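**Student:** Take this structure first; my questions come after.
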Amino acid sequence: MSSFPERLTLLDNPRADRVRRVSGLVGRSARSRSGLMLVEGPQAVRELARFRPGAVRDVYVRQDAWDTHADVVEAALRATRWVHPVTNEVSAALSRDSQGVCAVASLDALERELPEPSVGETLVVLAQGRDPGNVGTIIRTADAFGAVGVIAVAGTVDASSPKVVRASAGSVFHIPVCVVPSFEEARALVHGRGAALLGTSGGAGSVDLAQMFVQGVSARPRLSQSHAWVFGNEAKGLSGDNMRLCDALVSIPMSGDAESLNVASAAATCLFASQTVRGLHS
């Protein structure tokens, strides 16, 4: 695709009200008032158009990105007629992190309900994750390794934040992110699905993840049973109260000199172990 749709004119005024409203969606209050969200970057916009086409409102494509990301434009045009060519100045005013492609979608693009429970499922619980890059990366990792959903405890950065959406590379449109008001309610939800709550901690009494992995391979499959990995705040980890509510605490063995893993790296390690053991016993 090498030409703009004839019915849409080039948007060239970076101070237009439309541009101001779209760029304002970086704020949570603006998203709540309008029921809309900003999706930045070619990959996230592509996944939005593919998996949640009914939620797409408008797509904005910088002139030079129209050909560079022709597949994204084609996916967007299947979802909506409102695919707008824009100048460099308008693109920058809409979003400086979009790589020339961004979209506005209804908040309905985010699935908030978990699927029906399934035997051997894996979930993720985010206990007040505050860094949008880490939260988005964990959502992407959960999606990649076959988790059925993410449970976000109140205080966790909102999944509709443009930074979370971008870091997830569009996985927020694949996997449900359910919000609960407290850790106690997250625990009740997990237990109600017949799953165990596994807290990530290096403290005394923790189960070694490597041992759990070996047990899974040797047909004592703790990780093939339904479970939810709990990841805490980036700076403080899990609180003592939250750890006491977990069914088991799990530590990740490290042979090097690093003091600890970034929470997103820890999530990738745990979820890969779950996927591997689950695959052996499926």
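**Student:** Being surrounded by fewer than 21 Cβ atoms within 10 Å (Cβ to Cβ), β-branched (Val, Ile, Thr) and not assigned by TED's automatic domain parsing to the domain that holds ALA30 narrows it down to one residue among VAL207, VAL164; which is it?
**Tutor:** Just one listed residue meets the conditions, VAL207.
**Student:** Could you check the stretch 145-161 and list, in sequence order, the residues that are surrounded by fewer than 24 Cβ atoms within 10 Å (Cβ to Cβ) and in contact (Cβ under 8 Å) with a residue 60 or more places away in the chain?
**Tutor:** Listed by number, the residues that qualify are PHE145, GLY146, ALA147, ASP158, SER160, SER161.
**Student:** Mind checking which helices (runs of 4 or more DSSP H) fall wholly inside the stretch 131-220 and carry at least 1 residues that are modelled with pLDDT under 95 and among the aliphatic types (A, V, I, L, M)?
**Tutor:** Ranges flagged: 209-217.
**Student:** Can you name the strands (runs of 3 or more DSSP E) wholly within the stretch 5-96 that have at least 3 residues being surrounded by 15 or more Cβ atoms within 10 Å (Cβ to Cβ) and of a type outside the set (A, V, I, L, M, F, W, C)?
**Tutor:** Passing ranges, in order: 56-62.
**Student:** Taking interchain pairs and intrachain pairs at least six residues apart, which have beta carbon atoms under 6 angstrom, with the first residue in the stretch 110-135 and touching a residue at least 40 places away in the same chain (Cβ under 8 Å) and of a type in the set (S, T, N, Q) and the second part of a loop (DSSP other than H, G, I, E, B) and surrounded by fewer than 19 Cβ atoms within 10 Å (Cβ to Cβ)?
**Tutor:** Going by the 6 Å Cβ cut-off, the qualifying pairs are GLN128/GLY155; ASN134/GLU234.
**Student:** Please specify each residue of the stretch 97-130 satisfying the condition of being part of a helix (DSSP H, G or I) and either surrounded by fewer than 18 Cβ atoms within 10 Å (Cβ to Cβ) or at positive phi (or both).
**Tutor:** Within the stretch 97-130, LEU107, ASP108 meet the criteria.
The values are calculated or read from the model by the stated rules, or taken from the named source; none is laboratory data. Predicted, not measured: the structure shown is a model, and the values here were computed from it. All Cβ positions, even for glycine, are placed from backbone atoms using ideal geometry, and neighbour counts span all protein chains on display.
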